[in-house]
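Shown next, in structure tokens, is the structure this report addresses.
Bear in mind these aren't lab numbers, they're just calculated from the coordinates by the rules spelled out. These figures come from a predicted structure and were not determined experimentally. Cβ sites come from the backbone with ideal geometry, for glycine too, and all protein chains shown count toward neighbours.
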Amino acid sequence: MTNRNFINIRWIYCWLVFFCLQLGIPSLSEGYSPSQYQKFQGRIIDYRSHLNRKFKKSIRRKTLYIIVHTTELGLDTSLRVVSRGKQFQSGYKTPGGHANYVIARNGYTYRILDKKYRADHAGRSMWQGRTDLSDFSVGIELVGYHDAPISAAQYRSVGLLICILKKVYSLDDRDVLTHSQVAYGKPNPWFWKNHRGRKWCAKNFNRSKAGLGPGWKYDPDVLAGRLLPDPELVGVFYGVPYHGVNPLVKSPGSGSNIISKTNSAWSIAGEDYNNERTIYLFPGGARLPGNKIKQTLGWDRLPMNTKVVLNQDVEPVVIQDQTPVKTISKSMTAWSHAGVAYKEDTTIYFLPSGRVYPGSKILDWDDLPLKTRLLVGYKGPFPITEAQTAYKIAGSKYKSFETVYYLSSGRLLTGDKITDFTHLAKGEQIYLPLSSPPKK
């Protein structure tokens, strides 16, 4: 290489670095190329026109943090909630503006509110003694759940977005926090004073996958005595097991939405444990919304194996819980119904188009269309033939609530809903729960 070529390359590199800095884009040394930034910018979808008109815009005076959330919902509902606001059955509504950006599971980034404006995203929050962190931070929502893996495409997009924002506001990696790190709650049946752990969102955020270096090694507000620690979050964020006296709070790694001796309503739902949109589904089939538990039952008397479902309208959840045939809706995604089993062969999907797929053929739980039906923990199909009748396939359980028939009309019916089995056509299919092997 000649000296002249070397000088030209060095000049081009310096020009690119200068250009990136002027636009608030990180330089090449931070691991991303100009083409990656260009591609990322081209995929940003301007969603600002959907913002609730009642939301009052105000420019932040200081930007000290970037706060990452998980929406705890699917994409369509996430976009509606963060832009239009939250609605409660009591009639209370919020005016929206709950994030600056939303990143879908395919990596597409939605601009909800310009980065300079204050988004109402952090709620009751504290970091280093500073409270109301919405006044000092940009809010990024990742579509998904705190107990579901964040997609590789989301990590690429959030990494690029964070790099841009860090340059714009002169922030470093330690200024990037998750909502679960900064949210705090008031005293409740599990904590006698203000405490960490009000929210669980983005508890699963892997900093290194987003191109970030190590974060804080301790919680400054817990260390200063301003807040009580949360046992699980201490382990998740700071790698230090906590041996405090909170027997009703779950142990690290339990990761379930089922009430148990080590998994409380608080550890599952956080601040939303007593919310009217948090539904408690009891083992016998009964249900109660969170705002009815205290006066009806009492928090210390929740039955073991009660299932806790967040962000729900009351009636649809009850109906779906009482049948093995689940339906994907705006509030109930495949992850809501099946969790990690969404991609197992034993989760069967019946798409509105009439196609049927096992979970192993599903790329992502948020890609499925509304009104897709699914069976969780089933095997089949077992087609009905002249030799293989419903009784020969399912045995004495052919009329069972758990035995599901897929009819030529596209209907899914449980055995207890079929009145005349002689009318079942050849080729119509039976699906059986894993605990009920077909009769040979």
Can you give the angle from 0 to 90° between the axis of helix 75-84 and the longest principal axis of the chain, with both taken from C-alpha atoms, to the nearest 10? 50
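Quick one: dipole size for region 338-440, taken about the Cα centre, charges +1 on Lys/Arg Cβ and -1 on Asp/Glu Cβ, in debye to the nearest 20. Intermediate values should be presented prior to the final figure.
On the way: 14 positive and 10 negative charges, 59 e Å.
It comes to approximately 280 debye.
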Charges at C-beta only: +1 for Lys and Arg, -1 for Asp and Glu. How large is the resulting dipole of the chain about its Cα centre, in Debye rounded to 20? 840
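Over the chain, what is the percentage of antiparallel beta bridges among all DSSP beta bridges, to the nearest 5? Walk me through the numbers on the way to the answer.
On the way: 39 of 55 bridges.
Around 70 percent antiparallel, to the nearest 5.
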The extension gain from Leu64 to Ala425, computed as 0.36 nm times the residue separation minus the Cα-Cα distance, is 123.4 nm
About its Cα centre, how strong a charge dipole does region 265-320 have in debye, to the nearest 20, once Lys and Arg get +1 and Asp and Glu get -1 at the Cβ? 180
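If you filter region 65-140 for chymotrypsin sites (Phe, Trp or Tyr not before Pro), then keep DSSP loop positions with at most 14 other Cβ within 10 Å, what is left? Could you put the intermediate results ahead of the total?
Numbers: sites: Tyr65, Phe88, Tyr92, Tyr101, Tyr108, Tyr110, Tyr117, Trp127, Phe136; in loops: Phe88, Tyr92, Tyr108.
Of the chymotrypsin sites (Phe, Trp or Tyr not before Pro), the ones in loops of region 65-140 whose Cβ has at most 14 other Cβ atoms within 10 Å are Phe88, Tyr92.
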Distance from region 29-106 to region 124-197 (C-alpha centre basis), Å: 13
Taking Cα atoms, the helix 3-23 axis meets the longest principal axis of the chain at an angle in degrees (rounded to 10) of 70
Excluding Val168 itself, what net charge comes from residues whose Cβ is under 11 Å from its Cβ, given Lys and Arg +1 and Asp and Glu -1? +4
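Based on the Cβ-Cβ distance of Tyr108 and Val340, what FRET efficiency does E = 1/(1 + (r/R0)^6) give at R0 = 35 Å, to the nearest 0.05?
That pair, Tyr108 with Val340, gives E of 0.90.
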Within region 357-397, find all residues whose amide N lies under 19 Å from a label point positioned 7 Å from the Cα of Arg80 along Cα-to-beta-carbon. 366-373
In what sequence do Ser260, Ser396 fall when counting other Cβ within 10 Å, fewest first? Ser396, Ser260
Of Phe282, Pro358, Trp266, which is farthest on the positive side of the dipole of the chain, counting Cα position, with +1 on Lys and Arg Cβ, -1 on Asp and Glu Cβ, and the Cα centre as origin? Trp266
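Could you put Lys399, Lys54 in order, starting from the residue whose Cβ has the fewest other Cβ atoms within 10 Å? Walk me through the intermediate numbers first.
Numbers: Lys399 15, Lys54 12.
Least crowded to most crowded, the residues run Lys54, Lys399.
Note down the Stokes-Einstein diffusion coefficient of region 137-188 in µm²/s, whole number, using a Kirkwood radius over alpha carbon pairs, 25 °C, and 0.890 mPa s.
Values: Rh = 12.8 Å.
Rounded, D is 191 µm²/s.
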On alpha carbon coordinates alone, what is the Rg over Rh value for region 98-139, Rh being the Kirkwood radius? 1.06
Assign one of three labels to region 303-440, namely rounded, prolate or oblate, based on the Cα gyration tensor with a ≥ b ≥ c the square roots of its eigenvalues; rounded applies when a/c is under 1.5, prolate when it is not and a/b is larger than b/c, and oblate otherwise. prolate
Kindly express, to the nearest 10 degrees and within the range 0 to 90, the angle between helix 152-169's C-alpha long axis and the longest C-alpha principal axis of the chain. 30
Sorting Ala210, Val182, Gly139 by the position of each Cα along the dipole of region 31-238 (Lys, Arg +1; Asp, Glu -1; all at Cβ), the one nearest the positive end of that ordering is Gly139
As a test, work out the antiparallel percent of DSSP beta bridges whose residues both lie in region 31-238, rounded to the nearest 5. 45
Prolate/oblate/rounded label for region 31-238 (Cα gyration tensor, a/c 1.5): oblate
Compute the distance in nm between two label points, each set 7 Å from the Cα along the Cα-to-Cβ direction, one at Gln388 and one at Arg174. 6.4
